1. Separation between the residue 13 and residue 40 pseudo-spin-labels, each 7 Å from Cα along Cα→Cβ, expressed in nm?
2. Based on the mean of other beta carbon atoms within 10 Å per residue, what is the order of 70-81, 6-17, most packed first?
3. Can you list residues from other chains, or at least 5 along the same chain, whose modelled amide H is less than 5 Å from the amide H of residue 126?
4. Got a sec to turn the phi values of the range 99-110 into Karplus ³J(HN,Hα) couplings, 6.51 cos²θ - 1.76 cosθ + 1.60 with θ = phi - 60°, whole Hz, x for Gly and Pro?
5. Quick check on the exposure proxy: order 118, 100, 25 from fewest to most C-beta atoms within 10 angstrom.
6. For a quick check: with amide H placed at 1.01 Å from N, whose amide H comes under 5 Å from residue 131's, ignoring anything fewer than 5 positions away on the same chain?
7. What number do you get for the range 122-162 when its Cα radius of gyration is normalised by 2.2 N^0.38 Å, N = residues?
8. Just the number, please: Stokes-Einstein D of the range 65-183 in µm²/s, Kirkwood Rh from C-alpha pairs, 4 °C, 1.567 mPa s.
Amino acid sequence: MLASDTTDTQLRAREALMGVLGDKYVVALNLAPATPRWLAALSAEPMKLGLDLRGGVHFLMEVDMDTALGKLQEQNIDSLRSDLREKGIAYTTVRKEDNYGMSITFRDSAARDQAVDYLTQRHRDLVITAQGSNQLRAVMTDARLKEAREYAVQQNINILRNRVNQLGVAEPLVQRQGADVSL
């Protein structure tokens, strides 16, 4: 049994021993339930280990997909408006629809048809269809929704990993669990 003054020293000693001993031996960190008499006679005190060495923390975080996809819907609405203005296609309203879709109303069917042709070419990640006499509906493709979900979870994992690393936690494990949960 080796004892040290600091957790850092203990961790460095563990890594050094693991490097020397290889896979044939297990080097473990342990908390002794009581200080042995001979150690107490030397005025030694138990080492105070951090939370990460006393069993760790289990932290489960779910990504708020509604908010993430709602922001993407807003970005799509802004982009559609900008493209219509840039092309000079007059529209009257742009509204949010269910399932992160958008509805655009035009003055006439000619403007709607022109918009469908133009926007379909510019926005491959949207399914754009004519609706009624002067409206179009745009919804994100399944692939785009999946990509947005993946990105939101991955971004969450990266942020969480960076914050855990800043705390100096020994051997952190930050990973995905399910569709939208980080562990």
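All of the numbers you see were taken from the coordinates with simple rules; none came from a lab. Given the structure is predicted, the values throughout are model-derived calculations rather than measurements. In this analysis, Cβ positions are derived from the backbone assuming ideal geometry, glycine residues included, and neighbour counts consider all displayed protein chains.
1. Going by the 7 Å Cα→Cβ label model, 2.1 nm.
2. Those peptides, ordered most packed to least, come out 70-81, 6-17.
3. Amide H to amide H, under 5 Å and 5 or more residues apart or across chains, residue 126 pairs with 141.
4. Each residue's phi maps through the Karplus curve to give 6, 6, x, 9, 10, 10, 9, 10, 6, 8, 6, 5 Hz.
5. 25, 118, 100
6. Under 5 Å from the amide H of residue 131 lie the amide H atoms of 136, 137, each far enough along the sequence or on another chain.
7. With N residues counted in the range 122-162, Rg over 2.2 N^0.38 Å equals 1.71.
8. 80
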